[in-house]
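Worksheet: one structure, shown below.
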């Protein structure tokens with residue numbers, strides 16, 4: 001009898017190794033929660049269903065019927081993908097989730113900057129984040145709502161969670177846009193391009209061209225290999241294309257959601273697979289580049305515990321100065337907010 005009991009206990013221990021431990025309770029690495037079922041939330045949920053990363057997904061929205069409808073619609077695609085449980089739920093369903101993704105918030109309007117959304121979406125977060133915090137949630141909190149850097153800072157302050165467990169989608173999408181535009185410019189596979197957009201996910205973002213390379217070859221050198229010599233002019237043009245692409249999409253179709261859905265999927269891959277991938281996510285700054293107490297998008301090692309370590313990249317003086325200006329812009333926005 002004792003032998004059987006020991007075997008059962010050992011079996012339970014082995015089962016626990018199938019999940020991973022974070023700050024508090026055991027985490028179901030195959031469970032994700034989406035809070036917010038608008039364009040971004042529903043597109044992200046669809047991308048995650050197709051990814052095969054999770055076996056359980058909970059959708060939560062202030063409009064319960066919307067969450068139910070999206071769950072019903074997406075789950076009908078499961079026979080074409082992989083087995084998965086998808087349902088509308090409540091905050092009580094988040095406790096054992098590996099990742100809670102927050103896309104809820106007021107949508108950005110045409111001619112409106114991401115920072116114009118600040119106060120309206122901070123008010124939304126004052127309702128959402130405490131509900132998450134009081135459920136003893138021990139997984140990763142991924143913020144996608146805009147302005148993402150400000151709202152990631154807000155989520156850290158309102159939740160009281162360790163900073164490494166609260167990350168924003170940051171400039172992961174902006175960086176993908178940069179790689180896409182550089183790939184078009186150079187007629188080369190964008191996956192061979194290594195470059196980052198850093199700073200604010202917004203108008204003060206910085207394209208870090210000084211550290212960019214194509215398969216180890218400096219960007220300017222590779223440009224010349226492809227017959228391009230007007231470096232400063234082309235860099236400015238491409239940076240503007242990247243910065244303004246969201247505004248252009250919003251003007252034409254009122255919202256952007258497919259690109260960010262793929263960015264959300266990519267971040268979730270890095271977390272659930274413990275990839276230690278380097279992604280430009282939003283995280284708290286503690287003296288890097290002379291910046292403190294603000295969340296910015298900077299390259300970081302991302303794994304099962306969230307942000308494991310920031311990755312310093314070489315910046316020229318202009319880029320460093322603009323990064324500090326970006327931080328100052330965000331600090332000014334937060335100066336009249338209290339948490």
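The values are calculated or read from the model by the stated rules, or taken from the named source; none is laboratory data. Here the structure is a predicted model, which is why all the values come from computation and not from measurement. Because the Cβ atoms are built from the backbone with ideal geometry, glycine has one as well, and the counts that use them run over all protein chains shown.
Mind checking which residues of the stretch 112-129 are at pLDDT 95 or above and either under 13 Å from residue 282 (Cα atoms) or in contact with a helix residue (DSSP H, G or I) (Cβ under 6 Å, 6 or more places away or on another chain) (or both)?
125, 129, listed by residue number.
Can you tell me how many residues in the stretch 288-329 are in contact (Cβ under 8 Å) with a residue 24 or more places away in the chain, more than 18 Å from the chain's Cα centre (by Cα) and at negative phi?
Total meeting the criteria: 16.
Please verify whether the stretch 97-110 includes one or more residues that are touching a residue at least 12 places away in the same chain (Cβ under 8 Å) and either more than 18 Å from the chain's Cα centre (by Cα) or not assigned by TED's automatic domain parsing to the domain that holds residue 34 (or both). Write out each step before concluding.
The initial filter retains those residues of the stretch 97-110 that are touching a residue at least 12 places away in the same chain (Cβ under 8 Å), namely 97-110.
Within this subset, residues satisfying the condition of being either more than 18 Å from the chain's Cα centre (by Cα) or not assigned by TED's automatic domain parsing to the domain that holds residue 34 (or both) are 109-110.
Within the stretch 97-110, one or more residues are touching a residue at least 12 places away in the same chain (Cβ under 8 Å) and either more than 18 Å from the chain's Cα centre (by Cα) or not assigned by TED's automatic domain parsing to the domain that holds residue 34 (or both).
Within the stretch 23-79, work out how many residues are under 23 Å from residue 135 (Cα atoms) and touching a strand residue (DSSP E or B) at 6+ places or on another chain (Cβ under 8 Å).
25
Which residue out of 200, 248 is under 18 Å from the mean Cα position of the chain (by Cα) and closer than 26 Å to residue 143 by Cα?
200
Looking at (1) within 25 Å of residue 118 (Cβ to Cβ); (2) buried (at least 18 other Cβ atoms within 10 Å of the Cβ), find the lone condition where residue 302 falls short.
For residue 302, the exception is condition (1).
Restricting the search to the stretch 181-226, which residues are surrounded by fewer than 15 Cβ atoms within 10 Å (Cβ to Cβ) and assigned to a helix (DSSP H, G or I)?
184, 191, 221, 224, 225
Please specify each residue of the stretch 64-78 satisfying the condition of being loosely packed, with under 11 Cβ neighbours inside 10 Å and either within 11 Å of residue 49 (Cα to Cα) or within 24 Å of the chain's Cα centre (by Cα) (or both).
Passing the criteria: only 76.
Can you give me the number of residues within the stretch 302-322 that are touching a strand residue (DSSP E or B) at 6+ places or on another chain (Cβ under 7 Å) and over 27 Å from residue 159 (Cα atoms)? First the steps, then the outcome.
Step one: of the stretch 302-322, the residues touching a strand residue (DSSP E or B) at 6+ places or on another chain (Cβ under 7 Å) are 302, 304, 306-311, 313, 319, 322.
Now drop any that are not over 27 Å from residue 159 (Cα atoms), which leaves 313, 319, 322.
Looking only at that region, the number is 3.
Tell me, which strands (runs of 3 or more DSSP E) wholly within the stretch 235-319 include 3 or more residues that are closer than 14 Å to residue 201 by Cβ?
277-286, 292-303
Across the stretch 133-149, which residue is modelled with the lowest pLDDT among those that are over 25 Å from residue 329 (Cα atoms) and surrounded by 23 or more Cβ atoms within 10 Å (Cβ to Cβ)?
137
Residues are listed down the side, and each one gets a yes or a no for (1) assigned by TED's automatic domain parsing to the domain that holds residue 34; (2) within 26 Å of residue 180 (Cβ to Cβ); (3) touching a helix residue (DSSP H, G or I) at 6+ places or on another chain (Cβ under 8 Å):
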{"position": "248", "(1), (2), (3)": "no, yes, no"}
{"position": "263", "(1), (2), (3)": "no, yes, yes"}
{"position": "275", "(1), (2), (3)": "no, yes, yes"}
{"position": "279", "(1), (2), (3)": "no, yes, yes"}
{"position": "287", "(1), (2), (3)": "no, no, no"}
{"position": "292", "(1), (2), (3)": "no, no, no"}
{"position": "295", "(1), (2), (3)": "no, yes, yes"}
{"position": "307", "(1), (2), (3)": "no, yes, yes"}
{"position": "323", "(1), (2), (3)": "no, yes, yes"}
